[in-house]
Each structure stands twice: as structure tokens, then as C-alpha cells.
Amino acid sequence: MEIFDGKKVSNEILSEVKEKIDKLNKKLGLAIIWVGNNEASHIYIKNKLKRCEELGVKGNLYHLDENTTEEEVITLIEKLNNDNSIDGIILQSPVPNQIDIIKCFNKIIPSKDIDGFSNISLGNLLLDKPGHISCTPKGVMKLLDYYHINLDGKSVCLINRSIIVGKPLFNLLIRRNATVTMCHSHTKNLSEYTKNADIVISAVGKPKFITKNMLKDGAIVIDVGISRIDGKVVGDVDFDDVLDKVAYITPVPGGVGPMTVAMIFENLLESIE
Ligand code: NAP
């Protein structure tokens, strides 16, 4: 059994990114728009800004009031689209109910859409055209590649169908000739799918959701889920329970999470390349 070390891999990627950033003749600028006061968002944003500092990127946080209107968010996005000192724009999810997040994602110009959530970025992915690929799916693929996991002909059970994780990842996996079954909350007899899969990717957000009896021997398990139990971050997989059954597994924390952050900066660099 081997543990995929997302922290190590992401640090390696980030040091390559830093080398490239250091050679640029401009300082990269990242804009993060945070509407409201979601506690988890606060932690993610702090991490992103800390990374900005380490990499010599100018991190600009636009923290807007809980009651901010959709029009105000769009006005800010349009201003940032036209600001040459900004190379990437992140609209932190979730946003308050009065804001249509998809509409706002679509106001970010494709070159600055480093999260890859706009119709154009997602469409490019679907059509195998160049464009920003969302960070978590891209990070999962990088991790699999780092550990030389051959996806050709492999059966993958992907439990998630969101635009943040499942839909982009589905496309990246089939691009690499995996056979992907996409499961969700209406899937009946989920373990029939997981048990037959060479690779199980879970992004549900429920602790201990994946247990040993749901996996085949030697499965590869990628745990994207993030939940908190008594302040402690945990994934979807009952880690200790499955350890003697799997060939490879990602820990939480220290697996997909750091890969996601690394991909933000890889995408930011690609914005100007
Ligand atoms: P989401 O939109 O709520 O997606 C959850 C998915 O799980 C949905 O597709 C849902 O199905 C499915 N699901 C829920 N209950 C299920 C069940 N009993 N059986 C099978 N499928 C079930 O959330 P998200 O934004 O995609 O994020 C998913 C998880 O990944 C969260 O824990 C989030 O914190 C984490 N995440 C981690 C990272 C990272 O960097 N590690 C990045 C992004 C997200 P339906 O579509 O039918 O509702």
C-alpha cells in the first residue's frame, strides 16, 4: 500500500512554478472575491494568500459584505477583467443566495478564469480545446500522473457530478481512455459500482462514506471530500478501515487539497503564457 503524498507533490509543483514566476518581468496578480463570512472559505482564502506571498504573487482580497448584490459583484469582476495588474480572478464559493454564482463565473474573461468554471472554460474542456481546467480535477490528474498510474482501460467510479469536481474530472479521465461511471445521490446500489472499479474517486463530503466492503482488492482510492469533525479535517474514506485493502490512497488532509492550491498557481502562470 502506498499513500499518495499530495503535500510533497504540490510543493514540487509550486517550486517549479516559483522558478518560472521569478523569471517573469512582471509581478503576477491574483484577485480573490469573497462575499460574506463563510468560515471554511476564510481558511481557504488565508491559505491562498499565504501561498501568494511565498511565490511572490500579489494577492488581492476583495471581501464584500453578506448583502452585496449580484450587480455589485459583476461590476467588480468587470473592473478586474480590465485591470492589467490582475492575471487571475477567483470568486470564492459559496456565495450568498441573492447571487447567481454561475452568472458571475461567466463574467470572468476566459484568460483570467483560473478556476475554470465559466461556460467557455468548461466547454473548451469538453471539446478538448486549450483553456483553464478547474483546479481540483486537474490536481487529481497530476497526482495520478506523478505516481505513474496508467488510466488506459481502467474502470473508474467517480462519486460526484458537480461542475467543481465531477464533470470536469469525468472529461479528463475519458480523455485518458478510462471507463468512467459517474455516481451521485440517486445512484442505486453504489457499492456495486465501487466494488468493480480499479479507481474510486469520492467527492461527497460525508465522513466514513467509503468503507472496506465497498472496494475491490488493490483498488486506488482518491479522497476529494472535506468535512470537519470536532474541528478536525477528514475526507470521505474510512482511512484506517480500508488501508489493508487498497493499493494506493490519498490522505485527508495532505492529499487532493494541496494539489488544488498548487493548480491555482499553475493556472495563474498559464494565464500569461
Ligand atoms: P457537491 O456539489 O455537494 O457534490 C457532492 C456530490 O456528492 C454530489 O454529486 C452528490 O450527488 C453526491 N452525493 C451526495 N450524497 C451521496 C450519496 N449518498 N451517494 C452518492 N453520491 C452522493 O459538492 P462539491 O463542491 O462537488 O464538493 C464535494 C466534496 O469535495 C466536498 O466535501 C468538498 O468540500 C470537497 N472538495 C474538496 C476539494 C479539495 O481541494 N480537496 C475541492 C473541492 C471540493 P447529487 O449531485 O445527486 O446531489
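The values are calculated or read from the model by the stated rules, or taken from the named source; none is laboratory data. Only a predicted model underlies this, so the values are computations on that prediction, with no experimental measurement involved. All Cβ positions, even for glycine, are placed from backbone atoms using ideal geometry, and neighbour counts span all protein chains on display. We work out accessible area using only protein heavy atoms, side chains counted, and drop any ligands, DNA or RNA first. Shrake-Rupley method; radii C 1.70, N 1.55, O 1.52, S 1.80 Å.
If you scan the stretch 168-192, which residues turn out to be more than 12 Å from the ligand (Cβ to nearest atom) and either of a type in the set (A, V, I, L, M) or in contact (Cβ under 8 Å) with a residue 24 or more places away in the chain (or both)?
If we filter the stretch 168-192 for residues that are more than 12 Å from the ligand (Cβ to nearest atom), which is where we start, we get 171-180, 192.
Listed by number, the residues that qualify are 171, 172, 173, 174, 175, 176, 177, 178, 179, 180.
Using the structure shown, decide if residue 179 is hydroxyl-bearing (Ser, Thr, Tyr) and more than 15 Å from residue 246 (Cβ to Cβ).
The answer is yes for residue 179.
For residues that are open to solvent by 30 Å² or more (accessible area, probe 1.4 Å) and in a loop (DSSP other than H, G, I, E, B), scanning just the stretch 21-54, find the one that is nearest to residue 68 (Cα to Cα).
37
Looking only at the stretch 264-273, filter to residues that are in a helix (DSSP H, G or I) and open to solvent by 40 Å² or more (accessible area, probe 1.4 Å); which one of those is nearest to the ligand (Cβ to nearest atom)? Outline the logic, then answer.
Taking the stretch 264-273 and keeping what is in a helix (DSSP H, G or I), we get 264-272.
From what is left, the residues that are open to solvent by 40 Å² or more (accessible area, probe 1.4 Å) are 270, 272.
On the way: 270: 19, 272: 24 Å.
Among them, the one singled out is 270.
Out of the residues in the stretch 225-244 meeting the condition of being within 14 Å of the ligand (Cβ to nearest atom) and open to solvent by less than 20 Å² (accessible area, probe 1.4 Å), tell me which one is modelled with the lowest pLDDT.
The extreme case among them is 227.
Testing residue 110 on (1) in contact with a strand residue (DSSP E or B) (Cβ under 8 Å, 6 or more places away or on another chain); (2) closer than 27 Å to residue 29 by Cβ; (3) away from the ligand (no atom under 16 Å from the Cβ), one condition comes back false. Which one is that?
(1)
Select from the stretch 210-237 the residues that are over 30 Å from residue 32 (Cβ atoms) and under 21 Å from the mean Cα position of the chain (by Cα) and list them in ascending order.
Pass one, the stretch 210-237, residues over 30 Å from residue 32 (Cβ atoms): 210-221.
If the condition is that a residue be over 30 Å from residue 32 (Cβ atoms) and under 21 Å from the mean Cα position of the chain (by Cα), then 210, 220, 221 are the ones that fit.
Those residues that are within 10 Å of the chain's Cα centre (by Cα) and of a type in the set (Gly, Ala, Ser), I need them from the stretch 257-271; list them, please. Break it down into steps so the answer makes sense when it comes.
Let us first name the residues in the stretch 257-271 that are within 10 Å of the chain's Cα centre (by Cα), namely 257-264.
Result: 257, 262.
Kindly check whether there is at least one residue in the stretch 89-99 that is surrounded by fewer than 19 Cβ atoms within 10 Å (Cβ to Cβ) and within 20 Å of residue 26 (Cβ to Cβ).
Going residue by residue through the stretch 89-99, those that are surrounded by fewer than 19 Cβ atoms within 10 Å (Cβ to Cβ) are 93-94, 96-98.
Those still in the list that are within 20 Å of residue 26 (Cβ to Cβ) too: none.
Checked the stretch 89-99: no residue is surrounded by fewer than 19 Cβ atoms within 10 Å (Cβ to Cβ) and within 20 Å of residue 26 (Cβ to Cβ).
Give the stretch 129-178 a look and list any residue that's open to solvent by 70 Å² or more (accessible area, probe 1.4 Å), outside any helix (DSSP H, G or I) and under 16 Å from residue 222 (Cα atoms), or say none.
148, 150, 161
So, in the stretch 245-263, how many residues would count as being within 15 Å of the ligand (Cβ to nearest atom) and either crowded, with 21+ Cβ neighbours inside 10 Å or part of a helix (DSSP H, G or I) (or both)?
Filtering the stretch 245-263 down to residues within 15 Å of the ligand (Cβ to nearest atom) leaves 249-263.
Subset that is either crowded, with 21+ Cβ neighbours inside 10 Å or part of a helix (DSSP H, G or I) (or both): 249-250, 252, 255-263.
Counting residues in the stretch 245-263 that are within 15 Å of the ligand (Cβ to nearest atom) and either crowded, with 21+ Cβ neighbours inside 10 Å or part of a helix (DSSP H, G or I) (or both) gives 12.
Looking at 204, 200, 221, which one is open to solvent by less than 60 Å² (accessible area, probe 1.4 Å), within 10 Å of the ligand (Cβ to nearest atom) and not small (Gly, Ala, Ser)?
Values: 200 fails: within 10 Å of the ligand (Cβ to nearest atom); 221 fails: within 10 Å of the ligand (Cβ to nearest atom).
Going through 204, 200, 221 in turn, the sole match is 204.
Could you list, in sequence order, all residues of the stretch 113-122 that are open to solvent by less than 10 Å² (accessible area, probe 1.4 Å), touching a strand residue (DSSP E or B) at 6+ places or on another chain (Cβ under 8 Å) and within 16 Å of the ligand (Cβ to nearest atom)? Let's see the steps before the verdict.
First, pick out the residues of the stretch 113-122 that are open to solvent by less than 10 Å² (accessible area, probe 1.4 Å): 113-114, 116, 118, 121.
If we keep only those that are touching a strand residue (DSSP E or B) at 6+ places or on another chain (Cβ under 8 Å) as well, we get 113-114.
The answer is 114, and nothing else.
Looking at the stretch 140-167, I want the residues that are within 13 Å of residue 10 (Cα to Cα) and have a partner that is of a type in the set (Gly, Ala, Ser) with Cβ atoms under 8 Å, at least 6 apart or on another chain. Which pairs are those?
Pairs that qualify, where the first residue is within 13 Å of residue 10 (Cα to Cα) and the partner is of a type in the set (Gly, Ala, Ser), are 142/262; 143/6; 143/255.
Residue 195 fails exactly one of the following numbered conditions: (1) of a type outside the set (Asp, Glu); (2) within 16 Å of the ligand (Cβ to nearest atom); (3) at positive phi. What is the number of that condition?
That leaves (3) as the condition not met.
Can you name the residue in the stretch 55-84 that is open to solvent by less than 60 Å² (accessible area, probe 1.4 Å) and assigned to a helix (DSSP H, G or I) and is also farthest from residue 102 (Cα to Cα) among such residues? Quick ask: steps written out before the conclusion?
First, pick out the residues of the stretch 55-84 that are open to solvent by less than 60 Å² (accessible area, probe 1.4 Å): 55-57, 59-60, 62, 64, 68-70, 73-74, 76-77, 80-81, 83.
From what's left, assigned to a helix (DSSP H, G or I): 55, 70, 73-74, 76-77, 80-81.
Working: 55: 29, 70: 11, 73: 12, 74: 11, 76: 15, 77: 13, 80: 17, 81: 17 Å.
Ranking the qualifying residues of the stretch 55-84, first place goes to 55.
Against the conditions (1) away from the ligand (no atom under 15 Å from the Cβ); (2) more than 17 Å from residue 264 (Cβ to Cβ), where does residue 125 fall short? Just the number, please.
Answer for residue 125: the failing condition is (2).
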